[in-house]
């Protein structure tokens, strides 16, 4: 099993990393979004080619869209959620 953490939107680095590890489906241990312009590509990759455990950035995103109030209002946007929104 290939565990990958904190890829934080960086799709090109993800692809380069995958060339260096065995051919098993990767498992993200979270924080695959925010901080840059390619969050959508990373989300799509793990949706189609692996598995993902959710961590704080993904939880903040769900909280933002579901208005569940588990986090301070606007916290996701303050943590680079706007970069993820722009990637869509």
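What percent do you get for the relative contact order of region 1-42 when only Cα pairs under 8 Å and 6+ apart count?
Relative contact order of region 1-42: 57 percent.
In vacuum, with every alpha carbon of the chain counted as one equal point scatterer, what does the Debye formula give for log10 I(q)/I(0) at q = 0.12, 0.26 Å⁻¹? Two decimals, please.
The Debye formula, applied to the Cα set alone, gives -0.35, -1.29.
What distance in nm lies between label points placed 7 Å from Cα along the C-beta direction at residue 72 and residue 47?
3.1
Give me the angle, in degrees from 0 to 90, between the Cα long axis of helix 39-49 and the longest principal axis of the Cα atoms of the chain, rounded to the nearest 10.
Long axis of 39-49 versus the principal axis of the chain: about 50 degrees.
Which order do the peptides 79-88, 59-68, 18-27, 37-46 take when ranked by the mean count of other beta-carbon atoms within 10 Å per residue, highest first?
Working: 79-88: 16.6, 59-68: 14.4, 18-27: 11.1, 37-46: 18.7.
Ranking the peptides 79-88, 59-68, 18-27, 37-46 by packing returns 37-46, 79-88, 59-68, 18-27.
In whole percent, what relative contact order does the chain give with Cα contacts below 8 Å and a gap of six or more residues?
Value for the chain: 31 percent.
Treating the Cα atoms of region 1-49 as identical point scatterers in vacuum, please give the log10 of the normalised Debye intensity I(q)/I(0) at q = 0.15, 0.19, 0.30 Å⁻¹, two decimals.
-0.32, -0.52, -1.28
Over region 21-66, what relative contact order in percent results from Cα pairs under 8 Å that are six or more residues apart?
Across region 21-66, relative contact order equals 46 percent.
No value in this document is a laboratory result; all are computed from the given coordinates. The structure displayed is predicted, hence computed values, not measured ones. So basically every Cβ, Gly included, is an ideal-geometry build from the backbone, and we count neighbours across all protein chains shown.
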